[in-house]
1. Which one of the conditions (1) without any contact (Cβ under 8 Å) to a residue 12 or more places away in the chain; (2) under 15 Å from the mean Cα position of the chain (by Cα) does residue B:32 fail to meet, given that it meets all the rest?
2. If you take the residues of the stretch A:713-726 that are surrounded by fewer than 20 Cβ atoms within 10 Å (Cβ to Cβ) and over 36 Å from the mean Cα position of the chain (by Cα), which of them is farthest from residue A:573 (Cα to Cα)?
3. Anything in the stretch A:315-335 that is more than 12 Å from chain B (Cβ to nearest Cβ) and either over 33 Å from the mean Cα position of the chain (by Cα) or crowded, with 23+ Cβ neighbours inside 10 Å (or both)? List them, or say none.
4. Taking the conditions exactly as written (in the same structural domain as residue B:124 (by TED's automatic domain parsing), modelled with pLDDT of 95 or more and assigned to a loop (DSSP other than H, G, I, E, B)), does residue B:14 satisfy them or not?
5. With the structure loaded, tell me whether residue B:166 is more than 10 Å from chain A (Cβ to nearest Cβ) and not in a loop (DSSP other than H, G, I, E, B) or whether it fails that test.
6. Being surrounded by 20 or more Cβ atoms within 10 Å (Cβ to Cβ), touching a helix residue (DSSP H, G or I) at 6+ places or on another chain (Cβ under 8 Å) and within 14 Å of chain B (Cβ to nearest Cβ) is the requirement here; does residue A:214 meet it?
7. Could you list, in sequence order, all residues of the stretch A:542-574 that are closer than 25 Å to residue A:675 by Cβ and under 24 Å from the mean Cα position of the chain (by Cα)?
8. Which members of the stretch B:174-183 meet the condition of being in contact with a helix residue (DSSP H, G or I) (Cβ under 6 Å, 6 or more places away or on another chain) and within 11 Å of another protein chain (Cβ to nearest Cβ)?
């Protein structure tokens, strides 16, 4: 059967009506209403709240956004607007304005031909759930006029929301209670669903599945402890007010601001302390409390000599406590935290409890701190032989042996003492066998540094042990001290060399050994310290003779650098045009010189005329010209006697003057090289102005093409301009 | 703490929890008589979580974590401690409220304390089990683990259970405001936790780290594994599962002894998981046969 082109559906507006209940400001704000010229459909207030057991903090905001998006899509025929999503520990919700109904509409669609096969008509009717009487003859075709009656919003909501809720995209959903297959992030307890204050009735049951017997209602709940039990809701404003009365700060942004303010005020009251800002922790705490109450606890003085990083891990990671600073910016023996309840005793019990918990944690840390320091780091080295680094790559002990050789090799090139670099690399991983790092893996390196300091290792060594994992991420600082740089580079080059050599390169699908991060680490350490390190040799050393992988690793690093430049909005195309150089600092200086030149008027112009010259040559090359006829990299085959225009002489003079460019590049005087090349601009313009390249005399034409090739090859000495965008 | 009533002793706390959960319709069981790492291994949880029969039970289970031994020198760590375990299948709608009420029972008043439910996805690689739930926090202290079982022995559950695990020593330390586990008031009449268990911690730590016989343990592991297999062929799910629990504990002993490499570790866990899975399947098959 011929596929029938559907006539665009026409929507016929429903009968005009007015809504006296609607405040005028709402119609003014609502731009969507103007899609129905002359007929303002009444706008209704829609309130939906999914009340559940505690939602993981990290999933709340996304859950509310997904709810807003999905409801907007599902209720699109009701033109939702003014959508306000809400999220908190026990609920996601939204308020929206929607039309009170989907207006009556008629779809006009052309069907089969009048005298076509019966089956075509039957199929068409079945597809549109229509009957013969709805078909009209128009020309040679049957045309369906299908009128959908006006549908009240309640009907559309009740029809679409159960499926929406059953398929809600929580990152991880669960079953609970009986046999129902209705899942939610944690057990769903209530569905509050009101349209203009009236419950939109629907159930979440589907077929034999009872949907946990959940049905919509006008009920919500406030704070679990401070206002237990359900309450009835009249409308969105009533919902907000009653939740506030029942100790729930509904809006996540408001909760966050209140927490921040509360913490700062509580800290200021307590001996003028300040809170150490921590946006990530603030976000998390916002998802853990409905009624934030900021409190301050005391840290026993006996723990204040624990390394600050150790205190930080116990406090922040394990307990979600904020650190405080005294008026002079020093660590203060107090911590700040946020309770979820206004306790009847003013929080006294809660503070005492939290202090005791922290005391136990610190006592545990103190135990490891004291125990670990009883053993010198170097005596732990043999234990590293029993710690596996990677099944194919052996133990941490073997890795440390490689690292110390590599760090010692790198040191002289970085202005570092080779003996200290070797020593630091040897001890760098020893803390993996300490109790503290076993307990808090995130303290690796840091603990090693403290223990090395305790052992009396030189300051350069302790700093290198601490910093050799850096940079751990884009916001982490890179090491700057020479010995630290040597060990940090060795750490990363070893990982790259070892994994590339066993064929474990990162792929689009994954990078399980974080080789991209290691690569970026190498780049940042070199770049930010402006290191002059011949990477090819360094990689070769790390590969311990398996030189067949050197090029791969170098390409990988330069590609990471290009991606990094692109991310910074810098000229990554210029980097690609310059090509490979195993001295990244030189490569970047050259890139910057070319990029800076391209920003000048001369540069932009020269790039355009370079392209023009290139086009002539490319056309010729595509025609299959004998390359030797047009090839000239340094003016070979260009003979002044053949010049017929003064502009040709001037251009040749300028090109001759550029013969110092290779030396300038070799001397890394990149800006001067570019300045020299900029002098080609004027003669080249004049040449194109006055001289016809494609002279009828073949010999002259080739001669001029050779001149242009000389231009191209001169400029290409700096970078392949044909690969530069713009 | 502002509570005027003296906090319960260790044994009193257990008795109150027994009373509370018995009133909720739980069968009060006694500890299982095989060494295990956690109360979840008790067949009353692992096996009963499967199938369609409702089941409510509570019990204390001695839990052995050989690697956590500290010779009785660490105030917060034990290689043998007690878990109080509750399982209710299907999970009741008011599970969270029941839980909070149970804390009130042992002296933690939710109006005075800051109770929280903090995300904690539970997974037991050796049991092939997972569930979603929370750590229950009281004033920043983890006082229990709350899980809605989703899968056990690699089998998705028919009726999701609610599992609550209280770490009794930690909870008692909190309630009694004691900073060293060995100073816990055990019976309210002068006997401390240390009186009962300190020597055991010292001797078992020495055993776990220094004197256990790795060759013998390795042999016993293989024996338990083989025995589990033959009992399964006889369709004796419960005796087979005992062997699975034994294998798991033997693995923990070997691990504490530091004789298991990283790769061996993964393969041992996979072997125990395979046993657990087969036992669960055998148990379920028996349940279905009974139902017919």
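1. (1)
2. The selected residue is A:713.
3. A:322, A:324, A:326, A:327, A:328, A:330, A:332, A:333, A:334
4. For residue B:14, the condition - in the same structural domain as residue B:124 (by TED's automatic domain parsing), modelled with pLDDT of 95 or more and assigned to a loop (DSSP other than H, G, I, E, B) - is not met.
5. In short, yes.
6. Values: surrounded by 20 or more Cβ atoms within 10 Å (Cβ to Cβ): yes; touching a helix residue (DSSP H, G or I) at 6+ places or on another chain (Cβ under 8 Å): no; within 14 Å of chain B (Cβ to nearest Cβ): yes.
When the stated conditions are applied, residue A:214 does not pass them.
7. Let us first name the residues in the stretch A:542-574 that are closer than 25 Å to residue A:675 by Cβ, namely A:565, A:570-574.
Correct list: A:565, A:570, A:571, A:572, A:573.
8. B:181
The values are calculated or read from the model by the stated rules, or taken from the named source; none is laboratory data. If you're wondering where the values come from, they're calculated on a predicted model, not measured in any experiment. All Cβ positions, even for glycine, are placed from backbone atoms using ideal geometry, and neighbour counts span all protein chains on display.
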